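Q: Please read through the structure below; I'll follow up with questions.
Only the coordinates and a few stated rules stand behind these numbers; no lab work does. The model shown is predicted, which means the values in this text are computed figures rather than measured ones. Every residue, glycine as well, gets a Cβ built from its backbone with ideal geometry; the counts of neighbours run over all protein chains shown.
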């Protein structure tokens, strides 16, 4: 939870508005402090913990109300509310410990490895499917037209590889994590070489 959420959980917008001089009527309305008006169009909702002016369109929560009333930055607003309402919040930025820094670094490294692994799996499947389609094309395109015609090397490759790679793609589509690791250990280098062709 951030500091602003903590402040909003501890305070009530009606209490804040009245503390800072807004004279709310029994319907939680008053003249808007942000523009000149004679009829009350500024409304504060206890239920929604929001304010809105139907005259000038300004609205927000108790943080933005305080911010606008005193022309403060967000952190100055937090400091003022903390002080004025004795909330006892520590507003100094948290300095991470060596353990937290190490844990964050490990998490980042793990995420990098997981993302790289997922990318390898996605690329392997995508490129294997493309290779199967290419093999199917070669088998049709380069099939010998006559009995005396020499076999085209691409036709030979398609005949030798199509069944194997069709099966491999089928496996990849249904593989769980353990099977993917097995695919990588057994065929990873071969797959990468085929993909680079």
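Q: Treating the angle as unsigned and between 0 and 90°, give the value, to the nearest 10°, between the Cα long axis of helix 98-141 and the longest Cα principal axis of the chain.
A: Once rounded, the angle reads 40 degrees.
Q: Still on this structure, I have one more. In whole Å, what is the distance between the alpha-carbon centres of the range 137-153 and the range 24-89?
A: 81 Å
Q: Here's another thing I want to ask about it. Can you give the calculated 222 nm mean residue ellipticity of the chain, where each DSSP H run of n ≥ 4 adds -39,500 (n - 2.57) and the sum is split over every residue, rounded to the nearest 500 deg cm²/dmol?
A: -20500 deg cm²/dmol
Q: With a Förster radius of 35 Å, plug the Cβ-Cβ distance of residue 167 and residue 107 into 1/(1 + (r/R0)^6) and report the FRET value to the nearest 0.05. Display every interim value, and only then the final one.
A: Working: r = 38 Å, r/R0 = 1.08.
With a Förster radius of 35 Å, E is 0.40.
Q: Just 149, 182, 136 to compare: in a GNM of the chain, with alpha carbon springs under 10 Å, which one fluctuates most?
A: Maximum fluctuation in the GNM of the chain, among the listed residues, is at 149.
Q: Using the alpha carbon gyration tensor of the range 3-84, what are the three equivalent-ellipsoid semi-axes (square root of 5 times each eigenvalue), largest first, in whole Å?
A: 21, 13, 11
Q: In what order do 75, 147, 3 fall by count of nearby beta-carbon atoms within 10 Å, going from fewest to most? Kindly include the intermediate steps, with their values, before the conclusion.
A: Details: 75 12, 147 5, 3 19.
So the ranking, lowest neighbour count to highest, is 147, 75, 3.
Q: Name the residue, out of 91, 173, 62, whose mean-square fluctuation peaks in a Gaussian network model built on the chain with Cα pairs under 10 Å.
A: 173
Q: What angle, in degrees between 0 and 90 and rounded to the nearest 10, separates the Cα long axis of helix 153-174 from the longest principal axis of the Cα atoms of the chain?
A: Between helix and principal axis, roughly 40 degrees.
Q: How long are the semi-axes of the equivalent ellipsoid of the range 98-196, defined as square roots of 5 times the Cα gyration tensor eigenvalues? Whole Å, largest first.
A: Equivalent ellipsoid semi-axes, largest first: 41, 12, 9 Å.
Q: Then there is this: Mind pulling the angle between the C-alpha long axis of helix 74-84 and the longest principal axis of the chain? Nearest 10 degrees, somewhere in 0 to 90.
A: Long axis of 74-84 versus the principal axis of the chain: about 40 degrees.
Q: Once the Cα gyration tensor of the chain is diagonalised, what are the square roots of 5 times its eigenvalues, in whole Å and ordered largest first, as equivalent ellipsoid semi-axes?
A: On the way: eigenvalues 996, 116, 31 Å².
Semi-axes, largest first: 71, 24, 12 Å.
Q: Order these by the 10 Å Cβ neighbour count, fewest first: 129, 112.
A: Final ranking by Cβ density, sparse to dense: 112, 129.
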